[in-house]
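Report on one structure; see the data block that follows.
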């Protein structure tokens, strides 16, 4: 018991249990990838198509669904264990780029005392102002009365991203303190009002990525990226070939019909404004000739409202730029659609899926042998002591394992130790006798305490 209590802590430190991730081939893990994209909606006419319904649904969801989990952003994947690894894969992606161009805004006003205002209008005159981006959107407002609060358009003459031709650049102007507009404080519209302007672009890229799932959350690590397609596309050609690019590590292509349908969608979607005056407000498109035969009709007004309110996932602060938030979400939605196309069209069997590995935690045991050093040393010392005791008692014809100490009195009796063979034979008779016999025999042994000048001893 004493040894067990003493050695207990050593035994506890001897064994260590830890968990280690290992692959589990018995569970399914796959993720979509898409190095090609060719889906469109139904035919409009004249070799023009509506946007792919899946692409449209994902983009709308990215604008109108503020769910923090962003179901419109992650490609389709299955990871039964919640922790998976996947090999590197090539895929088409879309990258957002946005720049604040507020310093490019121009403000011009016509005051009531201007010569441009005739005498008959001077009594009922209000100062009229215009804020604009060079070769871009503009907004008119009447000081203290109302006017445009947001205007979103695509630009053919972008200020920053003039070399991005895959999709048109997007610009907007918006009242910076938009919450006052929501409170119907239209008097704040004057020449001292702060406006914000932003220009954004969506860039097509071919990337080599590696996905992983940790605690049921997908993350993507970009290994290589090439975004040079924008410089190779001639957007003015009515018979442009499929956008094809051969990289050193894979081949990518985007069909002409899919590309043009997405281009027209973006041009139509970002083309609206919000106008307030007195107790009235109006959401409208900038081009009133939106009809099925002329241009596809998409959710332009809803998109303008979403950008104005700025209620996007991961981006709902007044300090965040609303257009930048919208473009970031749209880029994720387009990338998801690229990757999911084969899976949506062909299912699991023909979905060009990338197979991964499920990772589960398995318990392992580690032995720290150093903690056995002291117990083994004690055990060896005890073994040596027991062996010495065994041979000593065997030679003296004494019982080795007995809890009576009297037999050991005879072990160190020098006279008995030097007996001749006859005495040894007589001493052998002590072996196996009772405790009472040892007690009687011990009375025959006497001792005397002798004190000398140097000390005392028993004789």
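The values are calculated or read from the model by the stated rules, or taken from the named source; none is laboratory data. Bear in mind the structure is a predicted one, so any value in this text is a computation, not a measurement. Virtual Cβ from ideal backbone geometry, glycine too; neighbours counted across all protein chains shown.
Quick check, is residue 172 assigned by TED's automatic domain parsing to the domain that holds residue 268, more than 30 Å from residue 250 (Cα to Cα), surrounded by 20 or more Cβ atoms within 10 Å (Cβ to Cβ) and at pLDDT below 90? Against the criterion (assigned by TED's automatic domain parsing to the domain that holds residue 268, more than 30 Å from residue 250 (Cα to Cα), surrounded by 20 or more Cβ atoms within 10 Å (Cβ to Cβ) and at pLDDT below 90), residue 172 does not qualify. The number of residues in segment 41-55 being in contact (Cβ under 8 Å) with a residue 24 or more places away in the chain and either surrounded by 21 or more Cβ atoms within 10 Å (Cβ to Cβ) or on the phi > 0 side of the Ramachandran plot (or both) comes to 5. When you scan segment 263-285, do you find a residue that is outside any strand (DSSP E or B), more than 37 Å from the chain's Cα centre (by Cα) and at pLDDT below 90, even just one? Yes, segment 263-285 contains at least one residue that is outside any strand (DSSP E or B), more than 37 Å from the chain's Cα centre (by Cα) and at pLDDT below 90.
For segment 116-141, the candidate set comprises residues that are modelled with pLDDT under 85 and either assigned to a loop (DSSP other than H, G, I, E, B) or touching a helix residue (DSSP H, G or I) at 6+ places or on another chain (Cβ under 9 Å) (or both); within that set, the residue that is nearest to residue 162 (Cα to Cα) is 127.
Checking each residue in segment 32-53 for being in contact with a strand residue (DSSP E or B) (Cβ under 8 Å, 6 or more places away or on another chain) and not in a loop (DSSP other than H, G, I, E, B) picks out 36, 37, 43, 49. Restricting the search to helices (runs of 4 or more DSSP H) fully inside segment 314-420 and requiring at least 1 residues that are at pLDDT below 80 gives 373-395, 407-411, 414-417. For the residues 26, 82, the requirement of being outside the structural domain of residue 261 (by TED's automatic domain parsing), part of a loop (DSSP other than H, G, I, E, B) and exposed (fewer than 15 other Cβ atoms within 10 Å of the Cβ) singles out 26.
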